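Undergrad: Starting off with a structure, shown below.
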Amino acid sequence: MVKITEAKFITSAVRREQYPAPELPEVAFSGRSNVGKSSMINCLLNRHRLARTSSTPGHTRLINFYLVNRRWYFVDLPGYGYARVPAEMRRSWKKIVEDYLQTRKNLKLVVIIIDLRRGLEDDELNFLFWLRENGIPALVVATKADKVKKSQRQVARKKIQDQLQEFPGVPVVEFSARTKEGRDEVWRYLIKALEE
Ligand code: GTP
Ligand code: MG
């Protein structure tokens, strides 16, 4: 499997002038607030506290760039869908993220992180349509799998597979940052997208 020799935080950005030069292939991680984006990045990179994790939803408001093995950028996008965020802030989130997605020429893949227990909601389905229209490949990762009882697993899986019928070519991986389930499988998709 992929050996992480180096992983470091590069910068936080809001506007495109603040992004690092688009000289390396890049993957972005997106998902609603508190779904487990930062934990997933830390798990993939074998680092405990590289990406900031918090139990305060909506903590990360900026686009955070990490450089991995001097070869790829990992991007932690700000979380969406936090109910207590005012409309003004939701609009600003949308602008920041759309700006990023539309200008980033080196972006190879967007990982949409969902909670395995919740499946895809309207925000994610809209996002998948938007990505398809803009020609950006997507991967769905259903995280917090450790919280799902064995008996519920098949139900949760079936629901997500049904929802993704609309999006052939978008794979789904079940994942847990706690147990590292799915880590190798996610890496296989990342490598395929980043190295092709
Ligand atoms: P924001 O940046 O605030 O939008 O959150 P985030 O999506 O980066 O989520 P973060 O990684 O900070 O995790 C949120 C909470 O979920 C933390 O309390 C994590 O410990 C917990 N968490 C994340 N991944 C998992 C997982 O796979 N299993 C379990 N049980 N808890 C998880
Ligand atoms: Mg985060």
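The values are calculated or read from the model by the stated rules, or taken from the named source; none is laboratory data. If you're wondering where the values come from, they're calculated on a predicted model, not measured in any experiment. So basically every Cβ, Gly included, is an ideal-geometry build from the backbone, and we count neighbours across all protein chains shown. Ligands, DNA and RNA are excluded from the accessible area calculation, which covers all protein heavy atoms including side chains. Shrake-Rupley method; radii C 1.70, N 1.55, O 1.52, S 1.80 Å.
Undergrad: What are the residues in the stretch 119-138 that are hydrophobic (A, V, I, L, M, F, W, C) and under 15 Å from the mean Cα position of the chain (by Cα), if any?
TA: We begin by selecting, within the stretch 119-138, every residue hydrophobic (A, V, I, L, M, F, W, C); these are 120, 125, 127-131, 136, 138.
Correct list: L120, L125, F127, L128, L131, I136, A138.
Here is a yes/no grid of residues against (1) surrounded by fewer than 19 Cβ atoms within 10 Å (Cβ to Cβ); (2) under 15 Å from A28 (Cα atoms); (3) away from ligand 2 (no atom under 14 Å from the Cβ):
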site	(1), (2), (3)
V75	no, yes, no
P78	no, yes, no
E88	yes, no, yes
S92	yes, no, yes
K95	yes, no, yes
D99	yes, yes, yes
T103	yes, yes, yes
L107	no, yes, yes
V110	no, yes, yes
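Undergrad: Let me ask something additional. Please identify the pairs in which a residue from the stretch 143-159 that is at negative phi has its Cβ atom under 7 Å from the Cβ atom of a residue that is open to solvent by 50 Å² or more (accessible area, probe 1.4 Å) and not β-branched (V, I, T), counting only partners at least 6 apart or on another chain.
TA: These pairs meet every condition: A145/E181; D146/R178; K147/R117; V148/R117; A156/R117.
Undergrad: Could you tell me whether any residue of the stretch 126-133 is open to solvent by less than 80 Å² (accessible area, probe 1.4 Å), in contact (Cβ under 8 Å) with a residue 60 or more places away in the chain and in contact with a Phe, Trp or Tyr (Cβ under 6 Å, 6 or more places away or on another chain)?
TA: Initial filter on the stretch 126-133 (open to solvent by less than 80 Å² (accessible area, probe 1.4 Å)): 127-128, 130-131.
Restricting the remaining residues to those that are in contact (Cβ under 8 Å) with a residue 60 or more places away in the chain gives 127.
Still in the list and also in contact with a Phe, Trp or Tyr (Cβ under 6 Å, 6 or more places away or on another chain): none.
There is no residue in the stretch 126-133 that is open to solvent by less than 80 Å² (accessible area, probe 1.4 Å), in contact (Cβ under 8 Å) with a residue 60 or more places away in the chain and in contact with a Phe, Trp or Tyr (Cβ under 6 Å, 6 or more places away or on another chain).
Undergrad: If you scan the stretch 169-184, which residues turn out to be in contact with a strand residue (DSSP E or B) (Cβ under 8 Å, 6 or more places away or on another chain) and loosely packed, with under 14 Cβ neighbours inside 10 Å? Show your work before the answer.
TA: We begin by selecting, within the stretch 169-184, every residue in contact with a strand residue (DSSP E or B) (Cβ under 8 Å, 6 or more places away or on another chain); these are 170-177, 181-182.
Those that are in contact with a strand residue (DSSP E or B) (Cβ under 8 Å, 6 or more places away or on another chain) and loosely packed, with under 14 Cβ neighbours inside 10 Å: none in the stretch 169-184.
Undergrad: In the stretch 50-68, which residue that is crowded, with 17+ Cβ neighbours inside 10 Å and at pLDDT 85 or above is nearest to ligand 1 (Cβ to nearest atom)?
TA: Selected residue: N64.
Undergrad: Can I ask one more? Please work out which one of (1) of a type in the set (S, T, N, Q); (2) away from ligand 1 (no atom under 16 Å from the Cβ); (3) open to solvent by less than 90 Å² (accessible area, probe 1.4 Å) is the condition Q154 fails and give its number.
TA: (3)
Undergrad: Just name the residue that is modelled with the highest pLDDT out of those in the stretch 1-26 that are in a loop (DSSP other than H, G, I, E, B) and under 16 Å from E98 (Cβ atoms). Write out each step before concluding.
TA: Going through the stretch 1-26, the residues in a loop (DSSP other than H, G, I, E, B) turn out to be 1-6, 14-15, 19-25.
From what is left, the residues that are under 16 Å from E98 (Cβ atoms) are 14-15, 19.
Values: V14: 91, R15: 92, Y19: 97.
So the residue we want is Y19.
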